[in-house]
C-alpha cells in the first residue's frame, strides 16, 4: 500500500457513508454482549431484511460506547440519540416508528445522555462505539494510519520523540512515567535489536479501560506501537494480552492480519522503507505479569516474576535488548498527538498531567461505564456529575482508585483534582483507571481485606515482604472483620503495611498495602468500631451482627426478633423485645427515619419490609392493653439525677429502673417529652400516644420534678446525687445573620412549633408564609403553617431536593399538601414594608463538595430577586443550650458536650451526657440509644455489671410457610388521610396497616439472624 | 576502573560495576543476605540486604546494585536493622524451624541470621504459619530429599541448576504463600534432573538435602574434613570429604578450580564403594577357580611374562586394551602409546561412552 491508497480508501468510505439514510450502531463491547446486545443486532437485521429496508440503514457493530449500565443499546444517526435497555421486543417498534416513519421512539431514549457525556472529553475513545473494530477501512476513514504516514513522511525519529515529550504524555498504566522520555532513553541505547511491547495485561478488579480500547479501536494501538517502533528504532513488537479477554484477542488478531494485508504492518510499510511487525502473546492469568519485568520474563517463556530494576527495560528488556513497554491507552493516545500536535494535547489537563484519562466507573454509582475525562477534573465531578451519584439515596462513602494498588478517597476529598500527583498525595494512585464507588453499605475494613486477599494470592511469591508480609496483614484484617481484633492490631497493621510497602521488590508488593494505609488514614473509626466495639456499621462483617436492621438501629433494637414474633402474631412478645432497647415503640413507629429499613436485605430483592408499620401494630396493641412495668422491688442505693425529660433522659430513666435504681428527672417545661412533644406536631405524633408512653416509663419508678430548671451539675452532686445525666437537647436556634431577621415577622422555627404544640392558637389565615431550611423542622413548620390556613407556603432551601436532610416521605407529604419548594435559593434580606415582608433572595449554585461530601452552595452573583410574604419562619438548625454548664463541663466548638464516645461520661467523673446535647440536632432514636447506653455505663460506673435483666437472646422460631413469601412482592404501604382532610386539622396523617397486612409484611422478612452466632 | 564509594561513612575503593554487597563484605561491613549466592546472578528477593543509596529511589538490594563512583550508601542504621529483623521474622514464620532434627542444624544460614538478630521464639512478631500450608515433600530422587516447609524461596537452587549446570530443572509452582519449588513438572524422579547435587550445595537451609549414604549426618557431627581430588575421572574436581568415625559420610564440592564447587552425581554421591567389603585392595591371581592375593611386584612380573608369551605365540592383534575414565588424560595417553608402540596393536578402547 502506498500513501495514495490511504487517501483513496478514506474518500471512498466517506462518500459511501452518506448513501444510507440511517446509521445504527450496535454495541458489542464485552459488557453489552453479556446483556445480550448480539440478539438485538440479530433482531434488527432480521426486521430490516423482512421489511426490505437494508439499503436505508447501515448497521455498524462497534466496541464500547461507554454507558455500560444502559446496555444493550443502539446509537442512531443522524438524530444522534441512544436507545437504551433494549429487549428484542423493542426492535419492531424502532424499525416501524423510527426507520419507517422517521419518528423517535421516545420511551426508549436515554435521558441521562447529556449529564453523562457533558463533562467527558473523548479522545482515545473517539472511535470506540463509532466504528466497526473489525474493519480496517473504518479506521482509515477516521484518519487511521495517517499519523503513521505523517511520521514516516515528515518526521525524523528524534522529532517524533520531541513531539511526544512536549505533549507531556505520561504512562497510562498508572505510574505516570513520561512516555517521551522513555522513548528517548530507548532511542539513545545502542543495540542490534530493540523491541516495543504493549502491556495489555489489565488485571485490576473493576478495570476495563484497556479491554474497551482493544475491543473498540484495536488499530489505534497498532498504529501507536508502529510510531513508537519508528521512534526508537525497533522492528518487532509484542502485545501481551490476558487470556481472559478473548474478544480483545480476536479483534487484535483480525486487526493485525488486516494491517499486514494492507501493508501497514510488515516489511516496507507504506513503501517508506520502514519494517515493523507485531505478535500477540497471551497471558495465562497472573496479575503480576502486568509488572513490566515480569511481563518480559513471561514473553521470554519464563515464569512471570519481576526482577529488580535498574536495569530498566529501556536498558535491558526483552531478550536483554532495549525495550519500550507502554500501556494500551498510552499507545492509543499517540496518534492523536501526532495528528493534532503536542500543543493541542498539552492544552488539556493540568500542569503536570496532560491530556485525557479513561476511567472504568463501577460500584455504587448510578451510571456505571467507561468514561474519558480531561485530567484535572475533580473526583466529585466524575462520581456525581458523570456518574450520577450513589443509587437509592445511599450515602456516598469513598472512591477506590487504582485497584488493589490504590487507595480509598473519602468524601472530604471530593474536590481533589484527578491527576497523578494529587491522587498519590491522597494515598491512592491514578492506576490504570479503575474507579470503584463505595457507599454506606461498604465496610472499609472488609474492602481493605478484599484487596489484600487479592494481592496476597497474586503475589509472585519470590520476595519475602510481599509473600509473607501480605499474608500476615491479611490475617490481621481477617480477624478484625471476625470480631477478634486486638487493640494493638492497628499499630501492627500500619507498621507491617509500611514495611511491605518499603521493602517489596516490585510495584505489586510496594503498592499492595495502599488499600490498608489509606483506609487507616481516612476510616480509622471503622477499624476501631470493629476492634473495640465489635461493630460493623455497614453491616458487612457477618460475625459482628445478627441482622443489618438491628445493627443499623442507633438504639440497637432487635428488629429481626420482634418481626419474627409478629410473624407468629405474638404481639406482646414483640413489644417486650422492643422495650429491651427502646421504650418508645409507639412514638418511634410514627416518627423514626427507620434507618433499619434502608438496610433491609429484602430491599435488594424487591422492597424493604415495612418495619415501622410492623412496630406500630404491636406498640399500639401494648398501649391499648396497658402493659406496664413494675418499679424495682429492691432499689440500689445510688441516686441518679437526669437533667432534661426528652427521649434521651426518659430512656435513661427507664433503663435505670430496670437496673434497680429510682432516678430523679428534672424538666424545666410543664410536661415531659422534650422535642417529641414540643418539636413534633400531632399530625405526625399524636399527643395521646406520647403521653401514654411517657407515663408507662414514669410509672416504672421515676421521680419527676417538672418546671425545675437546673443550672449546675456540681450542685446536684453536692445534693447527694451520685451521678448526673445531662440530656438538655438542642433547642437553641441558629441564625442566618442577614438584614432584618430580627423583625417580628421573622419567626424562629423551633419557637413557632413549640407555641403550636403548647396549644397556642396562631392564625395565619390568608397569609403568605416563607419557611427557610431543608430539615424536619422546616417541613413541620411549613406543614403546620398550611394547617393554620396560610394561603401560600413556600420553602426556601439553598441546595436541591437530593441534599435535603429531611426524610423523603416528609418532603413528599409536604409537597402533596401544597408546600412550594424554592430550591437553590437563600434569603439575604428581610424588609418590612407596610404590614408585609419583602424577602430578597439570591439564587444559589452548587460547586465542589464540603467535608461531608455534600455539594457546596454558592451565591450566584447578580441573581437577586424579591418575593412578598407576610411571615418568614427560620428553621436552619439548632444547637444545645450548653452555655449554662460551660463553667463546669467541657464543650465542643459546635456547642455540644464533650464526652467519651463509649461511656458518654463528660469531663467530670459521674456526670454523663447524651442525646442532642452531645449529637447536635439528631433523631429521636439516636437520643434513645444514648439514654440506654448511658444507663449501662452509669451502672458500671457504680461498679455493677451493667447488664440489663432481659436474659440471653433467643432466636424466635417461626412456623408459617416461608416459601410463599419469597416471591417478589411489593411492600404494603399504610393508608394516608386525604390531603383535604389533613390540611384542615392536626389529625394524624398516617393511618397505619391492618393487623393482617402487618403480619404479611413481617412474613416478608428474610430472617437474616437465623442460626447466627455473633461475637460480642 | 577503580571508583570510590562511601558505606556507612567509610571510604572504600572498589571496581566500577562491582556488586555492592560483595564490596561491603570484602571491606568488613556486614549486610545480611540469604538469596545472594556468588555463583549465580543476583536475585534480590529475600530483601535482607536492602540498603539506602543516595539519589536512588526507596531502598535497594545491595546484591543487585552495582557500585558507581561517589556512591553514598547507608548499610546499617536502626531503621534498616528493624526492617531486616522483621523480614527475617516473616521468613521464620513460614519456616519449619524444627532445627533439632534438621540436617542443616549448625550450618544453616537462616539459623545463623535468626541467632544474629536475636529472634528467639519469645521475640517473634509473627505467628508461625508454615504448618497451614500444604506440605510438599519429594523423596523421589535417589540422591536428595526436598521439604517445602523449610524452603525460603531464595531461588538459589533454581538458578544454580539453570545458570551453573545449564539444566533448568527447577522452578516455582503456584503463587503467593503457596509458592513451592518443583522439579520438572512434578517430581524429581520424573524430571530431567541428573542428580548433580548443585541445588543441594546451593540451598542455604535444610530444604534440599542429600539422602544419607550410610547414616544422617550434620556438619557439626563431622570429625574431619579432607580436601582431595575426586577419583572418578580425569577432570580432577576438588572435593572435601567429611569423615566421621573413620568413614567418609559426605562429599562437598570445593570452591576451587577446576570445578568451583560443582560435582557430578558420582563425585558427590558415589563414595560408598570406599568402604565396601568387596572392594579390591590388592591384585588377585586366579589359580583354577580360586583367587589368590599377590603383591604388585609379582603381579607386574606375571603380567609382563604372560603378555610377552601371548604376543609371540598369537601376534599383537590378539591383545586388546580397555582404558578407564578414572585415570587422568595423561595416563590414558600413555596407555594408548604403550598399546600401539609396545604392544604393537591399535586395539585400544575407553570406557567413556556418553
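The values are calculated or read from the model by the stated rules, or taken from the named source; none is laboratory data. Everything numeric here is computed off the predicted structure, so don't read it as measured data. Note that each Cβ is placed from the backbone with ideal geometry, even for glycine, and that neighbours are counted across all protein chains shown.
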Practice task
Tally the residues that are part of a loop (DSSP other than H, G, I, E, B) and farther than 29 Å from residue A:787 by Cβ, restricting the search to the range A:637-687.
Solution key: 8
Problem - Test: residue in the range A:321-334 that is part of a loop (DSSP other than H, G, I, E, B), surrounded by 18 or more Cβ atoms within 10 Å (Cβ to Cβ) and more than 36 Å from the chain's Cα centre (by Cα) - result: yes
Fill in the blank from the handout: residue B:118: passes all of (1) farther than 28 Å from residue B:255 by Cα; (2) assigned to a loop (DSSP other than H, G, I, E, B); (3) within 14 Å of chain A (Cβ to nearest Cβ) but (3)
Practice task
Could you please let me know if residue A:73 is touching a residue at least 40 places away in the same chain (Cβ under 8 Å) and closer than 18 Å to residue A:107 by Cα?
Solution key: yes
Fill in the blank from the handout: With criteria (1) modelled with pLDDT of 95 or more; (2) within 43 Å of the chain's Cα centre (by Cα), residue B:276 comes up short on (1)
Practice task
Mind listing just one residue for me: the one in the range B:80-103 that is over 30 Å from the mean Cα position of the chain (by Cα) and more than 9 Å from chain A (Cβ to nearest Cβ) and, of those, surrounded by the most Cβ atoms within 10 Å (Cβ to Cβ)?
Solution key: B:80
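Residues in the range B:138-166 that are within 14 Å of chain A (Cβ to nearest Cβ) and assigned to a helix (DSSP H, G or I): how many?
9
For residue A:810, indicate whether it is in a helix (DSSP H, G or I) and touching a strand residue (DSSP E or B) at 6+ places or on another chain (Cβ under 8 Å). Don't jump to the end; show me each part of the working.
Numbers: in a helix (DSSP H, G or I): yes; touching a strand residue (DSSP E or B) at 6+ places or on another chain (Cβ under 8 Å): no.
Spelling it out, it is not the case that residue A:810 is in a helix (DSSP H, G or I) and touching a strand residue (DSSP E or B) at 6+ places or on another chain (Cβ under 8 Å).
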Completion exercise
Apart from one, (1) more than 11 Å from chain A (Cβ to nearest Cβ); (2) under 26 Å from residue B:86 (Cα atoms); (3) touching a strand residue (DSSP E or B) at 6+ places or on another chain (Cβ under 9 Å); (4) surrounded by fewer than 19 Cβ atoms within 10 Å (Cβ to Cβ) all hold for residue B:13; the odd one out is (2)
Problem - First in the range A:197-213 and touching a residue at least 60 places away in the same chain (Cβ under 8 Å), second anywhere and surrounded by fewer than 24 Cβ atoms within 10 Å (Cβ to Cβ) and in a loop (DSSP other than H, G, I, E, B), Cβ under 6 Å, 6 or more apart - result: A:211/A:245
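Taking the conditions exactly as written (in the same structural domain as residue A:283 (by TED's automatic domain parsing) and surrounded by fewer than 24 Cβ atoms within 10 Å (Cβ to Cβ)), does residue A:163 satisfy them or not? Before you say what the answer is, go through the steps one by one.
Working: in the same structural domain as residue A:283 (by TED's automatic domain parsing): yes; surrounded by fewer than 24 Cβ atoms within 10 Å (Cβ to Cβ): yes.
Yes; evaluated as a whole, the condition is true for this residue.
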Fill in the blank from the handout: Checked against (1) outside any helix (DSSP H, G or I); (2) surrounded by fewer than 24 Cβ atoms within 10 Å (Cβ to Cβ); (3) within 14 Å of chain B (Cβ to nearest Cβ), residue A:429 satisfies every condition except (3)
Handout entry: Counted residues, the range A:292-312 - those being farther than 17 Å from residue B:171 by Cα and either within 13 Å of chain B (Cβ to nearest Cβ) or without any contact (Cβ under 8 Å) to a residue 60 or more places away in the chain (or both)
Key = 6
Practice task
Spot the failing condition for residue B:69; the list is (1) in contact (Cβ under 8 Å) with a residue 24 or more places away in the chain; (2) surrounded by fewer than 21 Cβ atoms within 10 Å (Cβ to Cβ); (3) within 12 Å of chain A (Cβ to nearest Cβ); (4) over 30 Å from residue B:120 (Cβ atoms), and only one is missed.
Solution key: (3)
Practice task
Please verify whether the range A:447-455 includes one or more residues that are surrounded by 24 or more Cβ atoms within 10 Å (Cβ to Cβ) and at the interface with chain B (Cβ under 9 Å from one of its Cβ atoms).
Solution key: yes
Practice task
Restricting attention to helices (runs of 4 or more DSSP H) lying wholly within the range A:908-998, give those where 1 or more residues are not assigned by TED's automatic domain parsing to the domain that holds residue A:614.
Solution key: A:916-919, A:924-941
Problem - Filter result (part of a loop (DSSP other than H, G, I, E, B) and facing chain A (nearest Cβ under 9 Å)) within the range B:42-53 - result: B:42, B:43, B:44, B:45, B:46, B:47, B:48
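Any residue at all in the range A:492-507 that is assigned to a helix (DSSP H, G or I), out of contact with any helix residue (DSSP H, G or I) (no Cβ under 9 Å at 6 or more places or on another chain) and under 20 Å from residue B:94 (Cα atoms)? Explain how you work it out, then say what you get.
The first filter runs over the range A:492-507 and keeps only residues assigned to a helix (DSSP H, G or I), leaving A:492-503, A:507.
Among the residues that remain, those that are also out of contact with any helix residue (DSSP H, G or I) (no Cβ under 9 Å at 6 or more places or on another chain) are: none.
No; the residues of the range A:492-507 include none that is assigned to a helix (DSSP H, G or I), out of contact with any helix residue (DSSP H, G or I) (no Cβ under 9 Å at 6 or more places or on another chain) and under 20 Å from residue B:94 (Cα atoms).
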Practice task
Just one of (1) at pLDDT 95 or above; (2) under 25 Å from residue A:27 (Cα atoms) trips up residue A:203, so point out which.
Solution key: (1)
Problem - Those residues of the range A:473-509 which are within 8 Å of chain B (Cβ to nearest Cβ) and within 25 Å of residue B:156 (Cα to Cα), in sequence order - result: A:499, A:502, A:503, A:504, A:505
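Scan the range A:853-871 and give yes if some residue there is assigned to a loop (DSSP other than H, G, I, E, B), without any contact (Cβ under 8 Å) to a residue 12 or more places away in the chain and within 30 Å of residue A:531 (Cα to Cα), otherwise no. Can you show your working first?
Looking only at the range A:853-871, we keep the residues that are assigned to a loop (DSSP other than H, G, I, E, B), and these are A:853-854, A:860-864, A:870.
Narrowing further to those that are without any contact (Cβ under 8 Å) to a residue 12 or more places away in the chain: A:861-862.
From what's left, within 30 Å of residue A:531 (Cα to Cα): none.
No, the range A:853-871 has no match at all.
From A:434, A:393, A:388, grab the single residue that is within 30 Å of residue A:305 (Cβ to Cβ), more than 14 Å from chain B (Cβ to nearest Cβ) and at pLDDT below 95.
Details: A:393 fails: within 30 Å of residue A:305 (Cβ to Cβ); A:388 fails: within 30 Å of residue A:305 (Cβ to Cβ).
One residue alone meets the criteria, A:434.
Select, from A:685, A:717, the only residue that is surrounded by 14 or more Cβ atoms within 10 Å (Cβ to Cβ) and within 43 Å of the chain's Cα centre (by Cα). Steps first, please.
Working: A:717 fails: within 43 Å of the chain's Cα centre (by Cα).
One residue alone meets the criteria, A:685.
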Handout entry: Test: residue A:421 is more than 19 Å from the chain's Cα centre (by Cα), surrounded by fewer than 23 Cβ atoms within 10 Å (Cβ to Cβ) and within 14 Å of chain B (Cβ to nearest Cβ)
Key = no
Problem - Options B:169, B:205, B:200, B:209; residue that is within 14 Å of chain A (Cβ to nearest Cβ), modelled with pLDDT of 95 or more, touching a strand residue (DSSP E or B) at 6+ places or on another chain (Cβ under 8 Å) and surrounded by 15 or more Cβ atoms within 10 Å (Cβ to Cβ) - result: B:169
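What are the residues in the range A:742-776 that are assigned to a helix (DSSP H, G or I) and either under 23 Å from residue A:841 (Cβ atoms) or touching a residue at least 12 places away in the same chain (Cβ under 8 Å) (or both), if any?
Residues of the range A:742-776 that are assigned to a helix (DSSP H, G or I), as a first pass: A:749-757, A:776.
Matches in the range A:742-776: A:749, A:750, A:751, A:752, A:753, A:754, A:756, A:757, A:776.
Report the residue count in the range A:47-56 for those that are assigned to a helix (DSSP H, G or I) and out of contact with any helix residue (DSSP H, G or I) (no Cβ under 8 Å at 6 or more places or on another chain). Break it down into steps so the answer makes sense when it comes.
First, pick out the residues of the range A:47-56 that are assigned to a helix (DSSP H, G or I): A:47-50.
Those left that are additionally out of contact with any helix residue (DSSP H, G or I) (no Cβ under 8 Å at 6 or more places or on another chain): A:49-50.
So the count comes out to 2.
Need a quick list: strands (runs of 3 or more DSSP E) entirely within the range A:338-411 having at least 3 residues that are touching a strand residue (DSSP E or B) at 6+ places or on another chain (Cβ under 9 Å) and more than 23 Å from residue A:522 (Cα to Cα). Quick ask: steps written out before the conclusion?
Values: elements: A:356-363, A:369-374, A:396-401, A:407-409.
Answer list for the range A:338-411: A:356-363, A:369-374.
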